[in-house]
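Notes follow the structure.
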Amino acid sequence: MTTVLIADDEQSLRLLVSATMMSDEYEVVEASDGDEAWELLRQYRPRVALLDVQMPGRTGLELTHEIRSDPELAKTFVVLLTSKAQQADIQAGLAVGADRYLTKPFSPLELLTIVEQAVARA
Amino acid sequence: MAAYVMSDPVLQFITQTVFVVAFVLSLVDCVRRPTVPRVELALLFGCLTPVIVQQVVSQTGGALPNWLSTLAVAAFLAHPYILLRLLSHFRAVPRYQHAIAVLALVGSWLVVLGGDPLPVSASFGLLLGFGYVEVYAAGGFIRTALATRGITRSRLVAVAVGSGCLGAVILVAGLAMAVPSAMYVTQPLSNVLALGSAVGYYIGFATPRWLRRTWQRGEVERFLIGLSGHSAEARVTTALDYLGPAAARATGGVWAAVAIREGDDRMLTLHVDSLSAGVMQTAGIDSVVVDSQAPALARAWREHQPIAASRPESWGAGLQTIAEAVGGVRGALIAPLIASSRIYGLFLVLTDRDSPFADDDLAVLAVLAEQAALSLERLRLLEDNARERTTLGAVMASMHDGLLVMDESGIVRYCNARTDELLGTRPGIFIGLSRESTTDTITSRLVESESSVAAELRQALQGPDVYPQVEVELEVAGAPRRDVLLQSFCVADAAGVRRGTGIVLRDVTAERDLIRTKDELVSVVSHELRTPLASVVGFAELLRTRELSEPQRQQFLTVIAEEGRRLTALINDFLDLQRMGSGRNQINPRPARLEALVEQAVNSAGDDPLRPIQVTIDAGLPLVRADADSIQQVLSNLLNNARKYSPHGGTVRLTAREAEGQVTVSVQDQGLGIPPEAQSHLFQKFYRVDNSDRRQIKGTGLGLTISRRIIEAHGGRIWGESAGLGLGSRFSFTLPVVETPTTSGDVLIVEDDPGFARLMTAEMAERGLSAVSVSGVQEALEQVSTERPRAVVLDLLLPGADGEVFLRHLRKAGGDRVPVVVVTVKDLSADERTILDDLGVVEVLRKTAGAAAVTGDAIKQILSAPHVRDAVGTRR
C-alpha cells in the first residue's frame, strides 16, 4: 500500500482524489488545511503528497519547503494543486522543490498517472 | 442824461470800449448761430451802443441830429426790459414784473418822444422805473446764480454785478438830479459804477475765452479729483454712480445720467445717482434707445459730437419721458462717451433753462465725457481682468486635481485646496516653500518613502527640464491610502518663455481600484471558479472511465450537481457585483411596505424546522423608500446566512423598528458567531471567515458585499455584530422612511386598506401631489364637498357601500366634474364597466402589486391634461 496525502480545503476535491485513488494499492489520507496536513505528513510519511497551494494554515508552498527541509520527509513526491497557472506561480512552486504541478481543473486520470510514475520511480 | 453819467474821460473811454466790444462779440455770435437768447443778448448791448456813439460824437465836438439822439435814448431805455427777458431764460419771471418792465419802457418812450424838455418829475419817475427793473433783474440773476453751479454760476454772478451797477448808475443819476450840489460825489461814483456795469456784462455775457478756459479747467479738475476717488475701488458701477451727479454739478444741470451701451447696439442702460433713481423708478425708465425716434440722442451718438438741445417736445419719446419725470426741464446737454474711438454711451444732462450759456456747459460736459470714457474703459479692463483672475482662481481652486505652481526659481506660488487635501497638509503651507522642501514634503507622504518610486519622484519634481509622470501611493494620517499620479509641466507665457513649473496631482485611486477589481476577477475566475470546476470535470471523467457502484455513481453525480449550482451562484453574485460597480444595476427606490418585503423574503427562504424564522415588526411602521427586488435580495441573503451559519439549528429572529426617521431591520441568529478580528472585514469582497467550524459551509464571499452596495444605494447603512465565536451574529440595515403629508390634498383616496392607502399617498407625494385618504363613504362625501379634491381614487369594494351608489352620491355632493380613478380587485364585467364609464370614471385599474405606482401615474397624467385643468379650475 502506498500512502497518498491529499490536502485541500475543498471537501469535494478531496473526495475526487480519494475516488481517483480508490484501489487496493493506495491508502488516501485527507487534510482540510495546511496545519492538519503537516500533522498527517509527520504521522503517515506518505509517499506522495498532493498539496493545494491556497488553503488555510500552511500553504502548499510552505508545506513543500518544510517537507524538503525535513530529512525524514525529504523524499516525499510533492504535487502542487493550484487554480493558478501563471508562470510565476509555477516557478515559485518548483523553486521550493515541488516535483509536479497540477492546475485545476485537472484530469483524475492524469493525476493517477503522475502518482503511478512517482511510485514506480521510487 | 448820459452827460451826467460819464465825465471822466479815461474811465468813460474804457467803459465805452468794453460795451462796444461786448456788443460786437455778441452780434457776431448771434449772426453765426441765431437763437432767441443770442438775439436778445445782442440787443442788450445794442441798445447801449447808440448812446455811447452819441457821447463819443459829442465829446469830439460834433452833434447828432435831434431825432437820432432821441432814438439813442429810446434804445437805451429798452435795456431793462431786454435784461428781464434774458433773465426769463434762467428763471421764471412773474407776469407782473414783465408788465412793470413793459409799462416802464412804454411810459419812458412816451415821455422821451412826447416832449422836450423833460419835466423833473417825469424824469425822476422814469429813472425810478428803469432802476427798479434793472435792480430786480440783478436780484434775479443773483438768486439764479446761487441756485446753480458750474460756469453758469460764475457768469450769472458777473451779469448780476453788471445789472446791479447799471441800476446803481441810474439811481445815482437820479440822486444827482435831486441834489445837484452833490455832483462831486455822484460824478466819480457814477463813473466807477458804469465801468463795473460794463465789465460785469462783458464777463457775464461775452466771457473772454481765457476766462472760460480757466473756469472750465476748474470744473474739470474738480470732476477728475472726484472721479479718481471713486475709481479707487476699481469698480465700474462705483464710477458710474459718481459720474451723473458730478456732471450735473459741473454743468449746472438738474438731472444727469450716464447711458451705457450694454449688449444691444442701440439700447443704452441709464445709470443715475440714488437721488434720481427714485424719479426714474417712478417713471419706469431704466434705458433709452438711440434711434431715429430719439433725434437728439441719435445725433450725438451718430456724429460723436456733443450737442445742446432745447424744446423737450422735439427730443423723442425716451428722453422726453425722462424730462417730464424730472419736471421743469427746458434744455439738454448730450455728450458721447468715447474712448479708443469706440463709443461706450452718452452723458445726459437735463437743465431747467434754455441757457444762452449752454455752450460753456457743453464744452465742459464734452471734456468730462472724454475723461469719463477713458476712466470707464480703464475700469472695465481692470474689472475684466479681475473677473478673469477670479474665474481662473475659482477654476483652479475647484479642480478635482491638485495643482502646485512654482516660479522660475522653484518657489511655490500657488497651491490649491485639493493639493492640501491629497497631501494632508495645512492650507497655504506650500506657498513660499522651495523646490527641495516641497519635494521633501511630498516624498514624506509616500507609503514607501525609501523605494525606487521615491527616487523617481524626487527626480521628477526636481529636474528642471524633464517632465515625466510618476504614480505613487500616498498615505496621510486619517485618510485611506491613495494612488496619486504626479505630472509636472512647464508653465510658459505666450512667447514660450518659461515662467515656472506646475505639478498636477491626480487621485487615480478609483481607476486603480477598478484595475484591481479586474485583477480580482482574473483571480476569482482562476481560483473560485476553478475549484468547483475541478470537481465537476474530475467526477465527470471518473463517471465516464470507471466501473462504479450505483451508490458511488449517485454520490459523484450529487457532487457534480452541487458544484454546478455553486458555480452558478458564484457567477450570479459576481455579475450582480459588476453591474452595481458599473452603476448599470439601477436601484429605483419607491415607497414600499416593509412588511410585504419581509413576508416575501421569509416565504422564499422556505421552512426549516431546525432554524425557524421569527418575525417581529413594530406596529404602525412607516413606509420605507426601497427598491423591492434589491431589498428582498438583501433580506434573503441575511436570512440564508443566518441559517447557513447555524449548523446546529436555532431560531432566526427578524425584527424591524423605526427610530429617528429610519427603519432598522435586524436578523439575529444563534449560530457560529464571528471572531472579533474578522468583524471589520465582513463586507469586503470575497472575504470569508476562515475558521475550522465553517470550512464546510460553502459561499462566494460576495453576498454581504452585494448587500452593502444595495443598502448604501438606498442611503442606508448595514453592519454586523457578534459577541464572538459560538455566540451568534446579528446583521442590521437601515432604510429611509417616506414622509407623507396627510392633512388635505389634491387627491382623495377612498380605500379601506390602510396599508395600500398609505402606499398610494406616498406615490402621490412622489409626484408632487398631496393626498388625503379616508376609509368610509360618509367621510369621503364630506371631503369632496369641503376640500374639493382635484381627483378621486376609489376602491370599489368598500365595506357596507356600493361603489356605484357612492359615485352617484359623489356627483351629487358637488364633485360632478372631479375625475375618478377606480382601483379594484374585482374583475369587472362589460356592463359594470359601462356603468362606471357613464358615471364619469376616467380609468379602472386592477389592484395588483405595483398598483399604487400605476395609480399615481394615472392621476398625474389626468391632472396635467389641459382640459381637466380648465374644467376643474384651481382649488381654494
Exercise for the section: Would you check if B:G671 is open to solvent by 40 Å² or more (accessible area, probe 1.4 Å) and in contact with a Pro (Cβ under 9 Å, 6 or more places away or on another chain)? Expected result: no
Handout entry: Lone qualifier among B:V665, B:V652 - being buried (at least 22 other Cβ atoms within 10 Å of the Cβ) and under 57 Å from the mean Cα position of the chain (by Cα)
Key = B:V665
Problem - B:I571 vs. criteria more than 11 Å from chain A (Cβ to nearest Cβ) and assigned to a helix (DSSP H, G or I) - result: yes
Problem - Elements of type helices (runs of 4 or more DSSP H) in segment A:1-89, at least 1 residues being more than 14 Å from chain B (Cβ to nearest Cβ) and out of contact with any Gly (no Cβ under 6 Å at 6 or more places or on another chain) - result: A:34-44, A:60-69
Problem - segment A:90-122, residues that are of a type in the set (D, E, K, R) and either within 14 Å of chain B (Cβ to nearest Cβ) or crowded, with 16+ Cβ neighbours inside 10 Å (or both) - result: A:D99, A:R100, A:K104, A:E110
Practice task
Taking the options B:R380, B:R387, B:R353, B:R342, name whichever one is out of contact with any strand residue (DSSP E or B) (no Cβ under 7 Å at 6 or more places or on another chain) and either touching a residue at least 60 places away in the same chain (Cβ under 8 Å) or of a type in the set (G, A, S) (or both).
Solution key: B:R380
Fill in the blank from the handout: Given the conditions (1) open to solvent by less than 50 Å² (accessible area, probe 1.4 Å); (2) more than 26 Å from A:M22 (Cα to Cα), every one holds for B:P612 apart from (1)
Exercise for the section: Tally the residues that are farther than 18 Å from B:Y242 by Cα and open to solvent by 10 Å² or more (accessible area, probe 1.4 Å), restricting the search to segment B:324-337. Expected result: 7
Completion exercise
When (1) surrounded by fewer than 15 Cβ atoms within 10 Å (Cβ to Cβ); (2) closer than 22 Å to B:L224 by Cβ are applied to B:Q293, the one that fails is (2)
Practice task
Answer with yes or no whether B:V537 is surrounded by 13 or more Cβ atoms within 10 Å (Cβ to Cβ), within 14 Å of chain A (Cβ to nearest Cβ), aliphatic (A, V, I, L, M) and closer than 22 Å to A:L81 by Cα.
Solution key: yes
Fill in the blank from the handout: Residue set B:L548, B:L486; condition within 14 Å of another protein chain (Cβ to nearest Cβ), surrounded by 12 or more Cβ atoms within 10 Å (Cβ to Cβ) and either in a strand (DSSP E or B) or at pLDDT 85 or above (or both); output residue B:L548
Completion exercise
Note on segment B:554-568: residues within 11 Å of chain A (Cβ to nearest Cβ), open to solvent by 70 Å² or more (accessible area, probe 1.4 Å) and over 30 Å from B:I706 (Cβ atoms) are B:Q555
Practice task
Mind listing just one residue for me: the one in segment B:482-511 that is over 37 Å from the mean Cα position of the chain (by Cα) and in contact (Cβ under 8 Å) with a residue 40 or more places away in the chain and, of those, nearest to B:M396 (Cα to Cα)?
Solution key: B:L486
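This table checks each residue for (1) without any contact (Cβ under 8 Å) to a residue 60 or more places away in the chain; (2) crowded, with 20+ Cβ neighbours inside 10 Å.
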site: B:S108; (1), (2): yes, yes
site: B:G114; (1), (2): yes, no
site: B:A122; (1), (2): yes, no
site: B:V135; (1), (2): yes, no
site: B:G139; (1), (2): yes, no
site: B:L146; (1), (2): yes, no
site: B:I151; (1), (2): no, yes
site: B:G164; (1), (2): yes, yes
site: B:L175; (1), (2): yes, no
Fill in the blank from the handout: Here the qualifying pairs (Cβ atoms under 8 Å; residues six or more apart or on different chains; first in segment B:281-296 and without any contact (Cβ under 8 Å) to a residue 12 or more places away in the chain; second surrounded by 12 or more Cβ atoms within 10 Å (Cβ to Cβ) and part of a helix (DSSP H, G or I)) come out as B:S292/B:A298
Exercise for the section: Output yes when any residue across segment B:106-113 is in contact with a Phe, Trp or Tyr (Cβ under 8 Å, 6 or more places away or on another chain) and modelled with pLDDT under 85, and no when none is. Expected result: yes
Practice task
Given the conditions (1) among the small types (G, A, S); (2) open to solvent by 20 Å² or more (accessible area, probe 1.4 Å); (3) in contact (Cβ under 8 Å) with a residue 24 or more places away in the chain, report the number of the one that B:G428 does not fulfil.
Solution key: (3)
Completion exercise
Going through segment B:428-456 in order, the residues found to be in contact with a Leu (Cβ under 6 Å, 6 or more places away or on another chain) and among the aliphatic types (A, V, I, L, M) are B:A454
Problem - Qualifying positions in segment B:819-838 - open to solvent by 20 Å² or more (accessible area, probe 1.4 Å) and either in contact with a Lys or Arg (Cβ under 7 Å, 6 or more places away or on another chain) or assigned to a loop (DSSP other than H, G, I, E, B) (or both) - result: B:V825, B:K826, B:D827, B:L828, B:S829
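The values are calculated or read from the model by the stated rules, or taken from the named source; none is laboratory data. Everything quoted here is computed from the prediction, not taken from an experiment. So basically every Cβ, Gly included, is an ideal-geometry build from the backbone, and we count neighbours across all protein chains shown. We work out accessible area using only protein heavy atoms, side chains counted, and drop any ligands, DNA or RNA first. Shrake-Rupley method; radii C 1.70, N 1.55, O 1.52, S 1.80 Å.
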